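S.K.: Could you have a look at this structure, given as structure tokens, before my questions?
The values are calculated or read from the model by the stated rules, or taken from the named source; none is laboratory data. From a predicted model like this one, the values you see are computed outputs, not experimental measurements. Note: ideal-geometry Cβ built from the backbone for every residue, glycine included; neighbour counts use all protein chains shown. With ligands, DNA and RNA removed, areas are computed over all heavy atoms of the protein, side chains included. Shrake-Rupley method; radii C 1.70, N 1.55, O 1.52, S 1.80 Å.
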Amino acid sequence: MPDLHELLRSLRVWDSAVTELPDFDPATAPADPLALFTTWFAQAVAAGQVEPPTMSLATTDEEGLPDVRTVMLHGADASGWSFATHSDSRKGRQLAARPYAALGFYWPAQGRQVRLRGPVTNAPSAESQADLHARSTGALAAALTGHQSQVLGSLDELAHTSDAAWERARREPDAPVPTWTLYHLRPQQVEFFQGDARRRHVRLNYRRIEGGWAKELLWP
């Protein structure tokens, strides 16, 4: 078994072989965080960041206990940052009980993070189904497999159910999945973090105020 502590000490953060830390002047940041997010996302793609749409989604359960997992960004616009899941999954049930969440993006190719938090709303069913059917056959098959977060009896049971779901997804590309739900997080705060080699990290925080956004710098 490897020595975890020794392995951790051997690793470098933002290795110059794979990371290039760009300059970020918060004085030039746009008034709306969505515009800056779009720019940073495009720059992450151009920098070769692996899977830039992946993000951490944090929710709380009925007792206020936190939970977190990695999901995919489905879009970002005036309605909010969007992701999707089954309404009867663990995160779906948590959002029904406490419709508030946080998102976290980490793009190590440029030493950048984006953090958001705010209330979450469900998209209408037609919008949710359209989101699902615009995705791949595999995404539809996974949605049709269902039972997300429930206890699984065996891998054979999963294989059998998944095979049937794939067959239906190919045969019926518009098959409805009533529990599939698109969620919109409308941020009250959005923080942009730019790493710095001398640890003078730049943190720009947007706070939603009446009629727009306030911007403020945070100590690293």
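S.K.: Looking at segment 126-144, which of its residues are surrounded by 14 or more Cβ atoms within 10 Å (Cβ to Cβ) and in contact (Cβ under 8 Å) with a residue 12 or more places away in the chain?
M.R.: Selection gives Glu127, Ser128, Gln129, Asp131, Leu132, His133, Leu140, Ala141, Ala142, Ala143, Leu144.
S.K.: Here's a follow-up. Of these, Phe37, Phe83, which one is under 24 Å from Gly211 (Cβ atoms), of a type outside the set (Asp, Glu) and open to solvent by less than 80 Å² (accessible area, probe 1.4 Å)?
M.R.: On the way: Phe83 fails: under 24 Å from Gly211 (Cβ atoms).
Only one candidate passes the filter, namely Phe37.
S.K.: Looking at segment 194-220, which of the residues that are in contact (Cβ under 8 Å) with a residue 12 or more places away in the chain and not in a strand (DSSP E or B) is surrounded by the most Cβ atoms within 10 Å (Cβ to Cβ)?
M.R.: Taking the candidates together, the pick is Gly195.
S.K.: Taking the criterion of being small (Gly, Ala, Ser), open to solvent by less than 20 Å² (accessible area, probe 1.4 Å), touching a residue at least 12 places away in the same chain (Cβ under 8 Å) and farther than 21 Å from Leu95 by Cα, would at least one residue in segment 145-162 satisfy it? Lay out the reasoning, then the answer.
M.R.: Our first condition is that a residue be small (Gly, Ala, Ser); within segment 145-162, this holds for 146, 149, 153-154, 159, 162.
Cutting the leftovers down to open to solvent by less than 20 Å² (accessible area, probe 1.4 Å) gives us none.
Checked against the condition, which is being small (Gly, Ala, Ser), open to solvent by less than 20 Å² (accessible area, probe 1.4 Å), touching a residue at least 12 places away in the same chain (Cβ under 8 Å) and farther than 21 Å from Leu95 by Cα, segment 145-162 yields no hits at all.
S.K.: In segment 177-193, is there at least one residue being out of contact with any strand residue (DSSP E or B) (no Cβ under 9 Å at 6 or more places or on another chain), closer than 27 Å to Lys91 by Cα and open to solvent by 80 Å² or more (accessible area, probe 1.4 Å)? Spell out the reasoning first.
M.R.: Pass one, segment 177-193, residues out of contact with any strand residue (DSSP E or B) (no Cβ under 9 Å at 6 or more places or on another chain): 178.
Those left that are additionally closer than 27 Å to Lys91 by Cα: 178.
Checking the rest, the ones that are also open to solvent by 80 Å² or more (accessible area, probe 1.4 Å) come to 178.
Yes; the residues of segment 177-193 include at least one that is out of contact with any strand residue (DSSP E or B) (no Cβ under 9 Å at 6 or more places or on another chain), closer than 27 Å to Lys91 by Cα and open to solvent by 80 Å² or more (accessible area, probe 1.4 Å).
S.K.: Turning to a different aspect of this structure: Would you check which residues across segment 19-50 are under 19 Å from Arg198 (Cβ atoms) and assigned to a loop (DSSP other than H, G, I, E, B) and list them?
M.R.: From segment 19-50, those under 19 Å from Arg198 (Cβ atoms) are 19-26; that's our starting set.
Correct list: Thr19, Glu20, Leu21, Pro22, Asp23, Phe24, Asp25.
S.K.: Pick from segment 17-34 the residues that are under 25 Å from Gln188 (Cβ atoms) and touching a helix residue (DSSP H, G or I) at 6+ places or on another chain (Cβ under 8 Å): which of them is surrounded by the most Cβ atoms within 10 Å (Cβ to Cβ)?
M.R.: Selected residue: Ala29.
S.K.: Right, another one. Kindly check whether there is at least one residue in segment 63-76 that is open to solvent by 40 Å² or more (accessible area, probe 1.4 Å), over 18 Å from the mean Cα position of the chain (by Cα), more than 19 Å from Pro187 (Cα to Cα) and at pLDDT below 95.
M.R.: Scanning segment 63-76 turns up at least one residue that is open to solvent by 40 Å² or more (accessible area, probe 1.4 Å), over 18 Å from the mean Cα position of the chain (by Cα), more than 19 Å from Pro187 (Cα to Cα) and at pLDDT below 95.
S.K.: Pairs under 7 Å by beta carbon, first residue without any contact (Cβ under 8 Å) to a residue 12 or more places away in the chain in segment 18-45, partner in a helix (DSSP H, G or I) and surrounded by 11 or more Cβ atoms within 10 Å (Cβ to Cβ), six or more apart or different chains?
M.R.: Correct list of pairs: Pro30/Leu36.
S.K.: Does Arg117 qualify as being open to solvent by 60 Å² or more (accessible area, probe 1.4 Å), in contact (Cβ under 8 Å) with a residue 12 or more places away in the chain and among the basic types (Lys, Arg)? I'd like the intermediate steps shown before the answer.
M.R.: Details: open to solvent by 60 Å² or more (accessible area, probe 1.4 Å): yes; in contact (Cβ under 8 Å) with a residue 12 or more places away in the chain: yes; among the basic types (Lys, Arg): yes.
Yes; evaluated as a whole, the condition is true for this residue.
S.K.: Another question, then. Would it be correct to say that Ser89 is farther than 25 Å from Arg203 by Cβ, of a type in the set (Ser, Thr, Tyr) and open to solvent by less than 10 Å² (accessible area, probe 1.4 Å)? First the steps, then the outcome.
M.R.: On the way: farther than 25 Å from Arg203 by Cβ: yes; of a type in the set (Ser, Thr, Tyr): yes; open to solvent by less than 10 Å² (accessible area, probe 1.4 Å): yes.
In short, yes.
S.K.: Output the number of residues of segment 56-82 satisfying the condition of being of a type outside the set (Gly, Ala, Ser) and free of Cβ contacts under 8 Å to residues at least 40 places away in the same chain. Write out each step before concluding.
M.R.: Keep residues of segment 56-82 that are of a type outside the set (Gly, Ala, Ser), which gives 57, 59-63, 65-74, 77, 81.
Then keep just the ones that are free of Cβ contacts under 8 Å to residues at least 40 places away in the same chain; that gives 61-63, 65-73.
Of the residues in that region, 12 qualify.
S.K.: Does segment 153-166 contain at least one residue that is among the charged types (D, E, K, R) and closer than 19 Å to Ser87 by Cα? Give the steps one after another, and end with the answer.
M.R.: Kept after step one, since they are among the charged types (D, E, K, R), are these residues of segment 153-166: 156-157, 163.
Among the residues that remain, those that are also closer than 19 Å to Ser87 by Cα are: none.
Checking segment 153-166: not a single residue is among the charged types (D, E, K, R) and closer than 19 Å to Ser87 by Cα.
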